[in-house]
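The values are calculated or read from the model by the stated rules, or taken from the named source; none is laboratory data. Remember, predicted model here, so these are calculated numbers, not experimental data. Positions of Cβ are backbone-derived with ideal geometry, glycine not excepted, and every protein chain shown enters the neighbour counts. Keep in mind that these areas ignore ligands, DNA and RNA; they rest on the heavy atoms of the full protein, side chains included. Shrake-Rupley method; radii C 1.70, N 1.55, O 1.52, S 1.80 Å.
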Amino acid sequence: MKAQRNAEEILFAVGVTAFAVLLRWLIDPWLGSDLPYSTVFGAVAFAVYFGGIRGGLLSAVLGFAACSYLFFAQRGAVRVATPGQVVGLAIFVATNAVIIGLGHAMRSARRRAQHEGDRTRTILASIGDAVIVTDAEGRITFLNGVAEELSGWRSAEAVGRPHVEVFRILHEHTRREVEDPVARALHEGKPIGLANHTLLVRKDGSECPVDDSAAPIRDHEGSIFGVILVFRDVTEQRRVQYDRERLATIVRDSGDAFITKDLDGIIQTWNVSAEALFGYTAEEIVGRSVATLVPAGRLDEEARILASLRNGQPIERVETERMTSDGRLIPVAVSVSPLRNAEGELIGASKILHDITERIAARRDLEREKELLATTLASIGDGVMTTDRRGRVMSINAVAEQLTGWTAQDAVGRSLDEVFRIVNEQTRRTVESPAARALREGVIVGLANHTILIRKDAREIPIDDSAAPIRLPEDPLAGCVLVFRDVTERRRSEREIADSRASLQLADRRKNEFLATLAHELRNPLAPMRNSLQILRMTTADDETTDRAIGTMERQVEQMVHLVDDLLDVARISRGKIELRNERVELGAIVQQAMEICRPLAECLHHEVHVSLPDEPVYLQADRVRLAQVLSNLINNACKYTQPGGRIDLVAERRGGTVEVRVKDTGVGIPAEMLETVFEMFAQVDRSLERSQGGLGIGLTLAKELVEMHSGTIQATSAGPGLGTEVAVRLPVLDRGAEDAARPASNDHERGEARRVLVVDDNVDSADSLSMLLRMRGHQTKIARDGVEAVEAARTFRPEIVLLDIGLPRMNGLDVCRRIRAQEWGSAMRIVALTGWGQEEDRLRSLEAGFDHHLVKPVNIAELTTLIAQLPPNDSDRQ
């Protein structure tokens, strides 16, 4: 290190001299040969101050040589020839000698001051602890008062002695001498930190636990000239530490969870028992809120504990629940004590949590025993038997004697399995007594099912039985109590109820099948009637009488179709078969559609019908067809129950998030006692023979069901007989910013181009009339009467659309469709089911068979015309 420092001083002298020569060279244009050494004196001063005498001399020699060579009158040569040059050299040497002398004196003074200052500062900084200072050989040069007191050595005795005589230390546990910190500091040249478990052996042989540290003392040049040793008495600290370690051991090994937390409820410590109880390791939970352990429903309880804690109030053994890491709730007893620092300030709390699962279980068992005793006493009308722990009968009540056929005298002392023999009602196998399980598992065994008791006389009785252990303070399983009862009458009632339910289900199924068949049979004759009326409408001349007759028949046919549809809809709703096809629709379009349906009846009866709608459109999320059906039913009812020439008002008003549609008439009204029943199936207000319009009494029932399926309500009001009726429907509406609903399909159907149509129906009138109607509209038709004929006709005629009945002789329509679809020429044909079967399952079957559409008889000609018009353009290659 010293060689390195010498090299640094030489380099500094060379560098500062070079800078001085460069500065003289820069000002040479102004000085010329005058004052050649003017800048060298400063370089010499710096070199001697920072590099000592050697640096100063080196700087002077280098400066003289460089300046003489560069700045004398005869430049380029170092020569002292003239008297003036000799005098100048003498002055240069004298001046540098003075500078070097002064610089060396200043350097020495600075080093001494620095040395003394370092020693003084070290001693003063360490005055609070025991301090020993040694020289480079480890001999003591200084002891402060604390060191004298701790070591037992006076300063006058210790100074000059080796430090190991005064500062002798042992390891607290091994009693061996430990490595000397002073020797380490001198050897390693760095501070030695506090040692652990160190004992100082005092002059009188007594021992004192100490913490010690040592640091080398260096001069300005970095050379070590001694060591400062600092140590302190840690007797009280060791005692506190020992107490803490002992407490920590107690807490760690305690069977209870021990937790500390701060005033904000943040967990600070977590013992092993807490880890075992809650499943969190200390690394996972320390630093988190204690609320982590508190179930959501008990957070208020923890808030009250924290509030009491902040007031310095302890919490004594509160029974509550806490949550484990896997989400389980466990019952615990919690005690909370405030924690204070040395100044008495409240800094947190300690919590002891004791698992009381077993205690709670024991308490619940006791409550069960009390409950069982109360149940036994309250159930004295049942058979009751008690046993000992080995399953021998101890007592038997009178009901049990009657049920088993055993007297108490005969039964007591016998095995329970002998007195109480039971078999499974269905398998006839012997089953285990619930008492045996209660004795084996120590649990209450609930009622068994399908159990037959075999009496002593071999007669059989169906029973329910249960058993529970008998627990005594001195014996946790002293025996069991068995309770059983005769359930013969109950089993008979259950069978009767099951039989009645089956009968009702069968009757309901037959009713639905009858309604579906009735609708099918009614639709078959309606189809040719509707077709024929269309033919008459197209062929009859403009004759008022004929036109009125045709209109009458059309209205009556439509009324029959409406009645059949309502009848089937009610059946579907009762079976949950109706599914709404909800879309965004506008109320006005639905009202218009309902009015179109009802207009013929209203005009026939000469009623005035007035419609009032809100100025702004009202949008609903609803099934357009079903809501139109609801309103048309209400308007039809109003027409039928109002004398000809009456008035019917339909008023719709927006009211917040709902719209109310009221249909009011001036008809017969409803008696007050019938207002609650008008929505029931087949309910009719006026059953007199004079009532002009018929009905099945299902229109309002269907309307109510459909409205409620739309999350709406319906209500009927009337001032009484002869004073008219008002029915109000309330439905939820969409936001005012909803998009315009799709408009109802136009009733105008274009004729379109001529098509080849195959009509398949075993009903001659239906097939012929439909074929005639299609031909009148310009289409080419062919008729088939059965399934086999239909397949052959499809192969030869190659129709573009097939109107195919389902119920056909020789081959049903479903198989016909499959046969056609299986042929290459039939894959592109449009096949439409045209049938009287209109249930949802009928539509699904036709779809699965390959039909494109499913239309119900009597077919709506406008709908059929639209279907035909939607066919792709004719392809001549298909001929």
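Going by the conditions given, is G222 more than 23 Å from R176 (Cα to Cα) and part of a loop (DSSP other than H, G, I, E, B)?
On the way: more than 23 Å from R176 (Cα to Cα): yes; part of a loop (DSSP other than H, G, I, E, B): yes.
Yes, satisfied.
Consider region 147-157 and keep the residues that are without any contact (Cβ under 8 Å) to a residue 24 or more places away in the chain and open to solvent by less than 80 Å² (accessible area, probe 1.4 Å). The one that is farthest from T235 (Cα to Cα) is E157. If you go through region 308-336 and keep only what is more than 37 Å from the chain's Cα centre (by Cα) and of a type in the set (S, T, N, Q), you end up with N311, Q313. Restrict the check to region 825-836 and report whether at least one residue is modelled with pLDDT under 90 and farther than 18 Å from R755 by Cα. Within region 825-836, one or more residues are modelled with pLDDT under 90 and farther than 18 Å from R755 by Cα. Would you point out the residue of region 606-615, among those that are farther than 13 Å from P644 by Cβ and open to solvent by 60 Å² or more (accessible area, probe 1.4 Å), that is farthest from the chain's Cα centre (by Cα)? Among them, the one singled out is H610. For P338, the test of being part of a strand (DSSP E or B) and in contact with an Asp or Glu (Cβ under 6 Å, 6 or more places away or on another chain) is failed. Scanning region 400-428 for residues that are touching an Asp or Glu at 6+ places or on another chain (Cβ under 8 Å) and free of Cβ contacts under 8 Å to residues at least 24 places away in the same chain returns T407, A408. Summed over region 447-495, residues that are assigned to a helix (DSSP H, G or I) and of a type in the set (D, E) total 2. From the list E284, E319, the one residue that fits, being in a helix (DSSP H, G or I), open to solvent by 60 Å² or more (accessible area, probe 1.4 Å), modelled with pLDDT of 85 or more and farther than 30 Å from V481 by Cβ, is E284. D465 meets all of the listed conditions (1) loosely packed, with under 14 Cβ neighbours inside 10 Å; (2) in contact with a Ser or Thr (Cβ under 9 Å, 6 or more places away or on another chain) but one, namely (1). When we screen T386, T451, T430 for residues that are open to solvent by 70 Å² or more (accessible area, probe 1.4 Å) and among the hydroxyl-bearing types (S, T, Y), the only hit is T430.
The set of residues in region 261-281 being part of a helix (DSSP H, G or I) and either among the hydroxyl-bearing types (S, T, Y) or over 19 Å from L329 (Cβ atoms) (or both) consists of V272, S273.
Of the residues making up region 753-768, those that are touching a strand residue (DSSP E or B) at 6+ places or on another chain (Cβ under 6 Å) and under 20 Å from R810 (Cβ atoms) are L758, V759, V760, A767. With respect to (1) within 30 Å of V272 (Cβ to Cβ); (2) assigned to a helix (DSSP H, G or I); (3) at pLDDT 85 or above; (4) of a type outside the set (A, V, I, L, M), the lone exception for P209 is condition (2).
Picking from E179, E207, E188, which residue would you name as being among the charged types (D, E, K, R) and closer than 28 Å to A3 by Cβ? Talk me through it step by step, then tell me what you get.
Values: E179 fails: closer than 28 Å to A3 by Cβ; E207 fails: closer than 28 Å to A3 by Cβ.
Answer to the check: E188.
For region 240-259, a residue qualifies if it is modelled with pLDDT under 80 and either open to solvent by 80 Å² or more (accessible area, probe 1.4 Å) or in a strand (DSSP E or B) (or both), and the qualifying residues are Y242, R244, E245, R246, L247, I250, R252, D253. Listed by position, the strands (runs of 3 or more DSSP E) enclosed by region 649-733 that each have at least 1 residues that are farther than 18 Å from N633 by Cβ and either at pLDDT below 90 or under 51 Å from the mean Cα position of the chain (by Cα) (or both) are 658-665, 725-732. Taking the stated definitions as given, is E603 charged (D, E, K, R), in contact (Cβ under 8 Å) with a residue 40 or more places away in the chain and surrounded by fewer than 23 Cβ atoms within 10 Å (Cβ to Cβ)? Here the answer is no, as E603 does not meet what is asked. Identify all residues within region 158-197 that are among the hydrophobic types (A, V, I, L, M, F, W, C) and either open to solvent by 60 Å² or more (accessible area, probe 1.4 Å) or farther than 18 Å from N144 by Cα (or both); write none if there are none. Passing the criteria: V159, V164, I169, L170, V178, A183, A185, L186, I192, L194, A195.
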